[in-house]
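The values are calculated or read from the model by the stated rules, or taken from the named source; none is laboratory data. Keep in mind that what you see is a predicted model, and the values were worked out from it rather than measured. So basically every Cβ, Gly included, is an ideal-geometry build from the backbone, and we count neighbours across all protein chains shown.
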Amino acid sequence: MKTNRKVIILGASSDIGLSIMKIYSKKNYEIIAHYNTGNKFFFNFLKNNKNITKIKFNFLTSIKKIETFFKKKIFKNCSILINASGLIKELKFSETKLDDLIDILKVNFYPGFLLTQSLGNEMNKKKWGRVVNLGSIGVKFGGGLNNFPYSFSKHALEFFPSETKEWTKNNVLINTIRVGATQTKLHSKLPSKNLKKRVKMIPMGRMASTEEIAEFVYFLASDENTYISNQVLSISGGE
């Protein structure tokens, strides 16, 4: 059965983004899948699913171009926004320059901010909407030693403007998830990352699967979530 709701997934080609997309595709949602570079798993999945429209855009461009991008008609009438965009620059706080910080914010914060602004007003008028931002458990601990810009940008997703809190009366619910260490290809590619040491820090003794994160995202963005809004929620194995 096809649902009449449309979901936009920012960063849909990431490992977590792909797992989220699989849930929505299985449930026959109309999906707008944003990506930058993509990968073979992402493109192979799209080939077999007709209810997905892919849209490519690199947020590492001018602010004007980013704002223009989100004015496209394709984003109209989306009732669910999943912000899974993520860019990491391995930099310490003392090494970070403003240009580095701006680049990270362009990917990790600005897109979610702009779409929440535009789609939120539509959702409020229609009296139903869901926004889920994927943050980071690292914010809880001041971020890792070598990823200050990433943690800073994810911390910005935990700020809920008072205006958006007024939307809850019209069933528009906005939440941010502090995502814990997850089994993704990104972790294995970071040169400074010692995964065995990282796992030892998790009380449950293991990393999350992308499917576990995706299921939690789907719950928060569904009708099953009837009373959770403007919250920062952790899925991090007890950290």
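Observations, loosely collected:
- Scanning the stretch 182-239 for residues that are more than 22 Å from residue 116 (Cα to Cα), at pLDDT 95 or above and of a type in the set (Asp, Glu) turns up 211, 212.
- Top-ranked residue in the stretch 36-87 [being part of a strand (DSSP E or B) and among the basic types (Lys, Arg); ranked as nearest to residue 100 (Cα to Cα)]: 56
- Note on the stretch 93-131: residues that are more than 22 Å from residue 163 (Cα to Cα) and either modelled with pLDDT under 95 or surrounded by fewer than 17 Cβ atoms within 10 Å (Cβ to Cβ) (or both) amount to 10.
- Filter pass, residue 8 being buried (at least 18 other Cβ atoms within 10 Å of the Cβ), touching a residue at least 60 places away in the same chain (Cβ under 8 Å) and within 16 Å of the chain's Cα centre (by Cα): yes
Listed here are the residues, each with its yes/no results for (1) in contact (Cβ under 8 Å) with a residue 60 or more places away in the chain; (2) of a type outside the set (D, E, K, R); (3) on the phi < 0 side of the Ramachandran plot.
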{"residue": "115", "(1), (2), (3)": "yes, yes, yes"}
{"residue": "120", "(1), (2), (3)": "no, yes, yes"}
{"residue": "154", "(1), (2), (3)": "no, no, yes"}
{"residue": "159", "(1), (2), (3)": "no, yes, yes"}
{"residue": "164", "(1), (2), (3)": "yes, yes, yes"}
{"residue": "175", "(1), (2), (3)": "no, yes, yes"}
{"residue": "195", "(1), (2), (3)": "no, yes, yes"}
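- Residues satisfying the stated conditions in the stretch 30-50, i.e. free of Cβ contacts under 8 Å to residues at least 40 places away in the same chain, surrounded by 13 or more Cβ atoms within 10 Å (Cβ to Cβ) and under 17 Å from residue 5 (Cα atoms): 30, 31, 33, 49
- Residues of the stretch 111-132 satisfying the condition of being in contact with an Asp or Glu (Cβ under 9 Å, 6 or more places away or on another chain) and assigned to a helix (DSSP H, G or I): 114, 120, 124
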